[in-house]
Each structure stands twice: as C-alpha cells, then as structure tokens.
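The values are calculated or read from the model by the stated rules, or taken from the named source; none is laboratory data. This one's a predicted model, so the numbers in the text were calculated from it and none came from an experiment. When we count neighbours, we look across all protein chains shown, and the Cβ atoms used for this are built from the backbone with ideal geometry, even at glycine.
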C-alpha cells in the first residue's frame, strides 16, 4: 500500500519532516497522532503531492510504484485522495455536482451522491442542490468533504482532522464514516490529535518533531503520545531535538 | 403588413444560443418584446403589463409599465438582437413598476455574427413602493469579438422596493463591454447589481456599479464576477455611497486572471455621509484559488478541468 521512505521536507529554511518512515497496510485505519505543529497536515500534503510540498527528499511508493513525481491528479487517479481539515468552498457548485466529480473515477459499486450524504448524516433533499459555498457551516462542509471522498471510493483516503470543528453529536457519524471506508476496502490515513478518535484505528503512529516516533497498537501509541508528546517541545525543531528523540526512544 | 417571420426565426435561433427558450416569445400568456436591429418584430401584452414602443432609424424605444399591485406570474421576455455582421442598435427604454407589483424580466441580447455591431441600452427604471423587480439579462456575442455593448441603466427604487439585477455574458466572446449601472435607493429599498462576464482573446470589459443609499435603512449590494483570459483586460468599479441612517452596503468583486497577458483591476469606492451608515467591501483578484483547484485535482480532475469547474461555478 503506501510506503514513505526516509521522507524529508524543508520549507523556508525550516526542516518540517525528517527521516520519516511509514508503511500502511491494505484496508487498515492508520492514525497519525501528533500535537499541533508537529507536521501532520504537512505529511498529508506531501502524500497527496500538493504544490509547495513537492521538493522532498526520500521516496513515496504506492502499491509498489514510485509516485514521488506524480501530480495530484495522477495520484488521485491511482486512488489517493484527501478530506481537507478546512475544505475549500466553491461558489456556484452544487453538492450533487461536487460529489459527482469524485464519483467519475470511482469505478463499479460506488455510492451515489445521495447515499454518500446519508452516510455522513446529512439529508440529501436538504443538501444536494445547495452550493458548496460559505452558506454551509464549517461542520456541514466537513461532512460534505467526507461524503465526496466516499463518492470517490479511493484506495487511500487521507483524512486530515475530520473530527475538528465537528459538534459532539456529529462525531459518531464521522467515526462511522471512517469505519465505512475501511469496510469498503479503503486504507485510511487518519490525522488527528484526539486520542479517542485515534484509538478506533487498527494501528497508529505518533508524529513528533516531523518524524514518526512510534508505530503500533493505537492504545499503546495514544498512551505514548499522552506521556511523551503532548507537552513536549519538539514542534518543528527536529535538528535541535534529534538527540532528545534518541533519548526519548530509548526510554520507551 | 410586413412579414417578419424569417427575421424572427433568425433571432429566435440566436435567442436560443444565448440560453433563452424561443417558445416563450410566442407564448400568449407571457408578455414579451422582440426587437431585431431597429424593428420591433414581436410584442405581446398581458393583463397588468403594458408595452409601448416604436422603431427609430438606429434602434427602438420601449416603455414597459407594470400596474400597481400586479403580480406577474410568468417572466416578461425581452429579446434584442442584430443578426447581420454589422449594424447599430440603440435601445432607449423605460420601466415603470407600480407600487406593490412583482415582476421578473428575462432579457436576451444576441449578436451571433457580429464583426462590427454596436448595441447601446439607455434604460431608466422606476421601482415603486414595496414593488419587487428582478431583471436578468443574458448576452451572446458570437465568436468574432466584434461587438460593442454599452448598457447605461439609471434606477430609482422607492420606499420598500426591491430590484435584483443580473447581467451575464459567459458564452462566446465579449468584444467591448462597458456597463454603467446606477441606483438611487429610498427608505428601506433594496438593490442588487450582479455582473458575470467571461472575457477572452482581446476583449475589453469595464463594469461600473454605483449604488446611492439615500433612504434610511436602504440596502445595496454591488457584486461582480469577471474572468479575464488570453489578452483580455477588465476593470471593475464598485461604488457605494451611504447617505442615510442605518443604510448598509457591500461591494463584492472577484476577478480571475487566466494567462500571463490578461489584466484585471478593481476599484472599490465607499463613501459614508451619515455616521449611522455602514459600508463594506471585499475584492479578490488573481489566479484561481490554489486550494480549490487542488481539491478538485484530488478528485481526479486535471488542473485545466479543475480551473474550468471553479470558473464556471463562479459565473453561474
């Protein structure tokens, strides 16, 4: 599935990711747990190949193929997509149209826009004709983003903090959607800083200071995160903190 | 009696090309006016809607009156066009919407073969007290870029009246376009000007939307969505003047540039002459938002397809 080999990224002279290695398994939910500023969203942008995140060191492979040089579109057509933490808004584009765009490359047995909305707890009759613009609340927009990823039936869905900005009542829908992805054969890279959400995963990795410190059972990784990373000073200072990383790892 | 059937047929075809439904021009239950070059070739009045008009050497005059209190169920269809490659069409029009009336106009202006066609529209609109008028105008200028269009509209909206005006030119080439709209709003009046234009090749686009909030609690929105591609140049002037207590106005301009030779400028002008009025503006000029494009690319579209989806949506 996805293999990140010795990834590194420097932005504006600042090293954001370094020596990052990660491998996901087919259909697994893999949480990336990390505090704010540790490089979680940057990692998502690198995997998707967004502009500004292409000058990386290391290698990205997907199903055995090197995709490091592929564009966002090319990666998407191989089945990689993302739900943004703060999704874009589109004047004049209806929800139905937005969901249909992803469905175009979904292949057989994909869910209809209506079914996708139902999965994320939105009534199709109230949303299909609405524009994906500023008239939607942040929570509604995030759920529609998840629906559009569902419509695409991807092989790898990167979900960048799908739980942030969502009210407590809606969080169950989000969790259920994440599980739906996995049931449908999609591998989920779940980026979050909520331990409770991270723990629904099959496996988890703790990202700290731009590198993966620990991968394994989500409960154990969450405990590691709670004990070592929540209050740590790694935030985007990998060079200075590398020695500390070593000490920290030895103390696990 | 002169037979205009062939001319009507040609104009109906152009009307359809601009997005209209030609059958509506023959519907006896809908009021309509059809002007080809300088000839009125079709006119239909219904209860509550009166249309007077006549030809001039270079165009036509038209006065459309909607009776006070009339609720006009079906849109009033207006069709203006010049079918030959060259010509001048000068329309002088007056709209008088009676107090409490409600009416929608669908206007289509078609110049499908224009190599050198000039179309001017000098319109005066009066919206009566608590009347509601919607005016939606769609243009089609063909592919040659030989059209010059100069609409000048002066609007007075009486107490509690509402005007929603939309101008749309997104198919074919523009040629030269200079829009000049001005609204004079009385107490509790509401006015929206909304221009959507897709410029290509060597098109020149100037949009000026001015709203004077002269009455207490008047509301104004001057909105524009312009795309300039190839060597197109566009300029938007959004002017809002708050002259009365509790007046509220907003200027909202988005101009997208596609191509290194395209140019765009936006000039918002906000003037407040009453310390209880409040005006705001927002303008965004530049290339298509990267995040929007990459979101759509992440769903499998190419970059060009993604830009097209964003632009088409914005111009709807």
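General remarks:
- Consider the stretch A:122-140 and keep the residues that are modelled with pLDDT of 95 or more and part of a helix (DSSP H, G or I). The one that is nearest to residue A:89 (Cα to Cα) is A:127.
- For residue B:250, the conditions (1) more than 14 Å from residue B:180 (Cα to Cα); (2) away from chain A (no Cβ under 14 Å); (3) in contact with a strand residue (DSSP E or B) (Cβ under 8 Å, 6 or more places away or on another chain) are fulfilled apart from (2).
- Residue in the stretch A:117-130 that is without any contact (Cβ under 8 Å) to a residue 60 or more places away in the chain, within 12 Å of chain B (Cβ to nearest Cβ), farther than 21 Å from residue A:32 by Cβ and crowded, with 18+ Cβ neighbours inside 10 Å present: no
- In the stretch B:277-301, residue farthest from the other protein chains (Cβ to nearest Cβ) [restricted to those that are part of a helix (DSSP H, G or I) and either surrounded by 17 or more Cβ atoms within 10 Å (Cβ to Cβ) or touching a strand residue (DSSP E or B) at 6+ places or on another chain (Cβ under 9 Å) (or both)]: B:293
- Here residue A:50 meets the list (1) part of a loop (DSSP other than H, G, I, E, B); (2) closer than 30 Å to residue A:223 by Cα; (3) within 14 Å of the chain's Cα centre (by Cα) almost entirely, failing just condition (2).
- Some residue of the stretch B:256-266 being within 14 Å of another protein chain (Cβ to nearest Cβ), in contact with a helix residue (DSSP H, G or I) (Cβ under 8 Å, 6 or more places away or on another chain) and buried (at least 17 other Cβ atoms within 10 Å of the Cβ): yes
- Within the span defined as the stretch A:162-172, one or more residues are away from chain B (no Cβ under 14 Å), within 14 Å of the chain's Cα centre (by Cα) and surrounded by 22 or more Cβ atoms within 10 Å (Cβ to Cβ).
- Screening residue B:272 on (1) touching a helix residue (DSSP H, G or I) at 6+ places or on another chain (Cβ under 9 Å); (2) surrounded by 16 or more Cβ atoms within 10 Å (Cβ to Cβ) shows it passes everything except condition (1).
- Identity of the residue in the stretch A:72-86, at the interface with another protein chain (Cβ under 7 Å from one of its Cβ atoms) and within 12 Å of residue B:294 (Cα to Cα), that ends up nearest to the chain's Cα centre (by Cα): A:82
- Out of B:274, B:304, one residue alone is more than 7 Å from chain A (Cβ to nearest Cβ) and assigned to a loop (DSSP other than H, G, I, E, B). It is B:274.
- Residue B:136 passes every criterion in (1) within 12 Å of the chain's Cα centre (by Cα); (2) outside any strand (DSSP E or B) apart from (2).
- Test: residue A:222 is touching a helix residue (DSSP H, G or I) at 6+ places or on another chain (Cβ under 9 Å), buried (at least 21 other Cβ atoms within 10 Å of the Cβ) and more than 21 Å from residue B:298 (Cβ to Cβ): yes
- Selection from the stretch A:95-109 of residues that are touching a strand residue (DSSP E or B) at 6+ places or on another chain (Cβ under 8 Å) and within 9 Å of chain B (Cβ to nearest Cβ): A:102
- Qualifying positions in the stretch B:307-316 - more than 8 Å from chain A (Cβ to nearest Cβ) and either surrounded by fewer than 18 Cβ atoms within 10 Å (Cβ to Cβ) or more than 22 Å from the chain's Cα centre (by Cα) (or both): B:307, B:308
- Test: residue in the stretch B:30-46 that is in contact (Cβ under 8 Å) with a residue 40 or more places away in the chain, farther than 19 Å from residue B:117 by Cβ and either more than 19 Å from the chain's Cα centre (by Cα) or surrounded by fewer than 19 Cβ atoms within 10 Å (Cβ to Cβ) (or both): yes
- Residue in the stretch B:142-162 that is under 20 Å from residue B:33 (Cβ atoms) and out of contact with any strand residue (DSSP E or B) (no Cβ under 6 Å at 6 or more places or on another chain) present: no
- Sole residue being touching a helix residue (DSSP H, G or I) at 6+ places or on another chain (Cβ under 8 Å) and within 19 Å of residue B:311 (Cβ to Cβ), chosen from B:292, B:233: B:292
- Filter pass, residue A:92 being within 12 Å of chain B (Cβ to nearest Cβ), crowded, with 17+ Cβ neighbours inside 10 Å and part of a helix (DSSP H, G or I): no
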